[in-house]
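Notes follow the structure.
The values are calculated or read from the model by the stated rules, or taken from the named source; none is laboratory data. Bear in mind the structure is a predicted one, so any value in this text is a computation, not a measurement. Cβ atoms come from the backbone with ideal geometry, glycine included; neighbour counts cover every protein chain shown. Surface accessibility is based on the protein's heavy atoms, side chains included, excluding ligands, DNA and RNA. Shrake-Rupley method; radii C 1.70, N 1.55, O 1.52, S 1.80 Å.
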Amino acid sequence: MNTSLITSDMITRFNELSKKKKEIEFEMENLKEIFHKYFDSHVGVNNKGEIVDNGLKLQRQIRKYEKFSTVPTVYKLEELNMKELIKTVKIPDEEKMNAAIKLGFLKEQDLENCKLITYSKAISVKEL
């Protein structure tokens with residue numbers, strides 16, 4: 001691997017920017033909280049609003065998501081004899097599969113092409 005492309009200045013700059021990013025995110029979250037409290041008290045908790053000041057417009061958008069609650073909905077659909085509106089989801093039980101492999105009922109090779117492997121990369125700098 002060619003590390004000559006990475007300089008100590010680059011590592012130092014990355015570390016400085018990482019610290020600034022955390023500070024900025026913290027300050028932005030605090031400001032958002034203040035803005036939401038303002039809009040909650042002036043236009044209502046779930047209402048959109050806007051303020052124009054010094055050539056800038058601050059807006060609060062409201063998105064509404066609706067979803068059926070699983071347990072009571074399934075119960076109600078069964079009660080109404082509408083079972084065709086209920087999904088049956090087939091998923092592997094990894095706990096039982098691992099137990100079957102340990103007990104010798106199942107071989108890992110039998111499931112060789114069934115595993116999904118994902119990777120995630122992260123960069124960090126620590127001061128020593």
*Which of the residues spanning segment 42-101 are open to solvent by 100 Å² or more (accessible area, probe 1.4 Å) and closer than 30 Å to residue 115 by Cβ?*
87, 88, 89, 90, 91, 94, 95, 96
_From the list 30, 54, 47, exactly one residue is at pLDDT below 95 and out of contact with any Asp or Glu (no Cβ under 6 Å at 6 or more places or on another chain). Which is it?_
54
*Please enumerate the residues belonging to segment 83-122 that are touching a helix residue (DSSP H, G or I) at 6+ places or on another chain (Cβ under 7 Å) and either within 30 Å of residue 13 (Cα to Cα) or in contact (Cβ under 8 Å) with a residue 12 or more places away in the chain (or both).*
86
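Return yes or no: is residue 39 aromatic (Phe, Trp, Tyr), in a helix (DSSP H, G or I) and closer than 30 Å to residue 123 by Cα? Walk me through it before giving the result.
Working: aromatic (Phe, Trp, Tyr): yes; in a helix (DSSP H, G or I): yes; closer than 30 Å to residue 123 by Cα: no.
No, not satisfied.
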*Please work out if residue 120 is under 30 Å from residue 20 (Cβ atoms), part of a loop (DSSP other than H, G, I, E, B) and modelled with pLDDT of 90 or more.*
yes
_Verdict on residue 18 being assigned to a helix (DSSP H, G or I) and in contact (Cβ under 8 Å) with a residue 40 or more places away in the chain_ = yes
*Considering segment 15-36 alone, what residues qualify as being closer than 15 Å to residue 123 by Cβ and open to solvent by less than 90 Å² (accessible area, probe 1.4 Å)?*
15, 16, 17, 18
